[in-house]
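> First, the structure itself, so that you have it in front of you.
The values are calculated or read from the model by the stated rules, or taken from the named source; none is laboratory data. Since the structure is predicted, the reported quantities are computational estimates derived from the model, not experimental observations. Cβ placement follows ideal geometry from the backbone for every residue including glycine, while neighbour counts extend to all protein chains displayed.
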Amino acid sequence: MAKKKRTYEENMARMEEIASQLESQSVSLEASIQLYQEGMELALECRKALSEAETKVQQLRQDHLGSFETVPFTEE
């Protein structure tokens, strides 16, 4: 059975749960390693989602004639 793809927000919430569990120090070493691995996988998924979102974000700029052109979004 394939895993359901989680949203960015769901991944972030799960990473917060994992961080809380690891900070509580109430889990075994083996469980800590598994949680850490899951957290790193989730972080990779979040990074990928943000990268994909960044490539989709576009900014409309009005040129001197009043028409609009689509240009890639850049942080200023």
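> Would you say LEU42 is aliphatic (A, V, I, L, M) and at pLDDT below 95? Give the steps one after another, and end with the answer.
Values: aliphatic (A, V, I, L, M): yes; at pLDDT below 95: no.
It is false that LEU42 is aliphatic (A, V, I, L, M) and at pLDDT below 95.
> Okay, next question. Pull out all pairs, ordered by first then second residue, where Cβ-Cβ is under 6 Å, the residues are six or more apart or on different chains, the first lies in the stretch 11-30 and is without any contact (Cβ under 8 Å) to a residue 12 or more places away in the chain, and the second is not aliphatic (A, V, I, L, M).
Filtered contacts from the stretch 11-30: VAL27/GLN21.
> Consider GLU45 carefully, then state whether it is in contact (Cβ under 8 Å) with a residue 24 or more places away in the chain and assigned to a helix (DSSP H, G or I).
Working: in contact (Cβ under 8 Å) with a residue 24 or more places away in the chain: yes; assigned to a helix (DSSP H, G or I): yes.
It is true that GLU45 is in contact (Cβ under 8 Å) with a residue 24 or more places away in the chain and assigned to a helix (DSSP H, G or I).
> Additional query: Which of the following residues is at pLDDT below 95, of a type in the set (Gly, Ala, Ser) and surrounded by 11 or more Cβ atoms within 10 Å (Cβ to Cβ): ALA19, ALA53? Step through it out loud before you land on a result.
Numbers: ALA19 fails: at pLDDT below 95.
Unique residue meeting the criteria: ALA53.
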